[in-house]
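Engineer: The following block contains the structure, expressed as structure tokens.
The values are calculated or read from the model by the stated rules, or taken from the named source; none is laboratory data. No experiment lies behind these values; they were computed from the predicted model shown. Ideal geometry is used to build each Cβ from the backbone, glycine not excepted, and the neighbour counts take in all protein chains shown.
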Amino acid sequence: MNTLNFESLGLAPALLRALADEGYTEPTPIQAAAIPVALEGRDLLAGAQTGTGKTAAFALPLLDRLYVRDRRKSEPKTPRALVLTPTRELAAQVHESVRTYGRHLNARSMTIFGGVGMGPQIDGLRRGSDILVATPGRLIDHLQQRTVNLSRIEVLILDEADRMLDMGFLPSIRRILSALPKQRVTWLFSATFAPAIKALAADFMRDPIEIQVAKPNSVAATVTHRVHPVDGDRKKDLLLHLLSNDARQTLVFGRTKHGADKLAKILEKGGIRTAAIHGNKSQNQRTRALADFKNGKVSVLVATDIAARGLDIDQLPMVINYELPMVAEDYVHRIGRTGRAGAEGLAISLVSRDEESRLRDIRKMLKQDIAIENIVGFEPGSPLRLDAGAPRSGAPKKKAQSTPRPAHRAHSHANNGDAPRSDRPFRRRKRGGRPSSGAHRPA
């Protein structure tokens with residue numbers, strides 16, 4: 001049986017050379033399925049989780065189209081392609097990927113996102129760029145000030161469309177769509193094909209080819225899941241115990257911005273080099289925190305769900321859920337930071353009695369049991385009750401411990417700084433990253 005390679009997908013030699021520079025030899029399933037369709041110029045509705053290589057699945061055929069198949073020597077200073085992303089960090093990473101794959105094509109791209117001044121962005125738009133990577137809120141600001149011209153867009157890409165809808169960007173997306181030419185190619189990438197995504201696609205796509213390379217809410221088979229039961233007031237002590245005995249780089253998830261800062265200070269006091277990222281951090285603080293984590297200056301990064309999607313951290317061996325997410329699907333996005341490109345990963349959750357129902361929801365969604373292991377010296381006062389008949393967290397008799405309902409999901413994103421017009425930048429992915437094991441595949 002012949003192994004599929006990038007040459008067989010029909011990509012231009014300049015792109016194959018860039019892939020070889022990065023050490024990538026074998027396409028991921030989403031790349032193998034999406035690239036040929038995109039090269040044909042068809043609309044595409046693609047289901048792909050974070051960490052499956054979806055960025056290359058649209059960046060490579062986009063570059064091929066703009067700079068090889070339809071190269072233009074004298075082009076006006078207006079963008080030909082628009083990539084919409086839900087967050088600053090994802091916009092920065094997509095931009096870096098475009099630069100990496102297009103390095104032998106002299107690709108011109110720029111980013112538009114909030115949290116920074118508009119002046120440099122306006123100057124960049126005046127100079128001209130072929131590919132514009134933007135978050136909806138800031139792009140609307142430029143449209144209102146007439147500092148961006150979208151009238152010559154040939155290709156529209158919506159990356160993590162379900163996330164943008166979750167964050168309340170639908171009105172902004174429709175506003176942006178109204179400023180685009182009717183004749184264009186549209187590629188939509190989403191982790192799920194929820195009814196809202198299908199409805200959106202039906203409104204502005206033309207007979208799209210639909211591909212789904214992974215089951216919705218699926219996780220990498222290389223990730224080991226583990227639960228450590230613990231009383232809520234001993235979580236901090238258990239986290240310190242675990243991190244003090246494991247020097248691996250670790251991403252720790254909490255639920256609130258204040259809680260993330262507090263936890264980072266506790267870990268620092270305990271002798272663990274730690275940084276925190278969340279919506280209240282400035283651009284420079286967030287950039288520095290992620291850079292320090294990637295280069296090993298800090299060993300632990302404490303984050304809210306702002307980092308659950310979009311962060312591209314190579315070779316991250318461990319993720320710890322200090323607090324379980326309110327919505328089961330967010331568990332998948334959190335632990336998607338580890339076990340990438342065939343590497344092994346470990347996802348640990350510290351679970352107290354008031355989180356039992358959330359753990360049951362996660363197990364039901366994953367359709368698998370999760371190993372439950374007590375840590376000696378940190379055993380809870382009573383065991384977790386995970387049978388279907390156990391009372392749900394927040395039952396009336398425990399009002400003091402009630403938890404917000406999943407209906408508040410959109411508000412929790414907003415509180416973390418993910419709402420429209422507050423999108424945030426992040427340090428771009430460093431060039432030359434390599435998967436830690438398995439076949440070399442682009443992100």
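Engineer: Among the candidates I306, I272, I320, I266, which residue alone is of a type in the set (V, I, T), at pLDDT 85 or above and assigned to a helix (DSSP H, G or I)?
Structural biologist: Details: I306 fails: at pLDDT 85 or above; I272 fails: assigned to a helix (DSSP H, G or I); I320 fails: assigned to a helix (DSSP H, G or I).
Just one listed residue meets the conditions, I266.
Engineer: Follow-up. Determine if segment 171-184 includes at least one residue that is among the hydrophobic types (A, V, I, L, M, F, W, C) and under 21 Å from the mean Cα position of the chain (by Cα).
Structural biologist: Kept after step one, since they are among the hydrophobic types (A, V, I, L, M, F, W, C), are these residues of segment 171-184: 173, 176-177, 179-180.
Add one more test, that the residue is under 21 Å from the mean Cα position of the chain (by Cα), and what stays is 173.
Checked segment 171-184: at least one residue is among the hydrophobic types (A, V, I, L, M, F, W, C) and under 21 Å from the mean Cα position of the chain (by Cα).
Engineer: Quick check, is A289 in a helix (DSSP H, G or I) and surrounded by 15 or more Cβ atoms within 10 Å (Cβ to Cβ)? Even if it seems obvious, please write down each step before you answer.
Structural biologist: Values: in a helix (DSSP H, G or I): yes; surrounded by 15 or more Cβ atoms within 10 Å (Cβ to Cβ): yes.
Answer is yes for this residue.
Engineer: Would you confirm whether or not segment 76-92 contains a residue that is assigned to a helix (DSSP H, G or I), among the basic types (K, R) and over 20 Å from the mean Cα position of the chain (by Cα)? If you could, list the steps in order and put the result at the bottom.
Structural biologist: Within segment 76-92, the first condition is being assigned to a helix (DSSP H, G or I), and the residues that meet it are 88-92.
Subset that is among the basic types (K, R): 88.
Narrowing further to those that are over 20 Å from the mean Cα position of the chain (by Cα): none.
No: zero hits.
Engineer: So which residues in segment 93-129 are in a loop (DSSP other than H, G, I, E, B) and more than 19 Å from D141 (Cβ to Cβ)? Let's see the steps before the verdict.
Structural biologist: In the first step, residues of segment 93-129 are kept if they are in a loop (DSSP other than H, G, I, E, B); the result is 102-108, 113-118, 128-129.
Residues satisfying the conditions are G102, R103, H104, L105, N106, A107, R108, G128.
Engineer: Taking the condition of being of a type in the set (S, T, Y) and surrounded by fewer than 16 Cβ atoms within 10 Å (Cβ to Cβ), how many residues in segment 1-41 meet it?
Structural biologist: As a first pass, look at segment 1-41 and keep what is of a type in the set (S, T, Y): 3, 8, 24-25, 28.
Filter once more, keeping what is surrounded by fewer than 16 Cβ atoms within 10 Å (Cβ to Cβ): 3, 8, 25.
So the count comes out to 3.
Engineer: So for segment 248-260 (the condition being among the aromatic types (F, W, Y) and under 21 Å from L350 (Cα atoms)), does at least one residue qualify?
Structural biologist: First pass over segment 248-260, keeping only residues among the aromatic types (F, W, Y): 253.
Narrowing further to those that are under 21 Å from L350 (Cα atoms): 253.
Checking segment 248-260: at least one residue is among the aromatic types (F, W, Y) and under 21 Å from L350 (Cα atoms).
Each row is one residue, and each column tells you yes or no for (1) among the charged types (D, E, K, R); (2) in contact with a helix residue (DSSP H, G or I) (Cβ under 7 Å, 6 or more places away or on another chain); (3) at positive phi.
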position	(1), (2), (3)
T78	no, no, no
L84	no, yes, no
R99	yes, no, no
G114	no, yes, no
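Engineer: Something else now. Scan L243, L251 and give me the residue that is over 30 Å from R174 (Cα atoms), touching a Gly at 6+ places or on another chain (Cβ under 9 Å) and not in a loop (DSSP other than H, G, I, E, B).
Structural biologist: Numbers: L251 fails: touching a Gly at 6+ places or on another chain (Cβ under 9 Å).
Exactly one of L243, L251 is over 30 Å from R174 (Cα atoms), touching a Gly at 6+ places or on another chain (Cβ under 9 Å) and not in a loop (DSSP other than H, G, I, E, B), namely L243.
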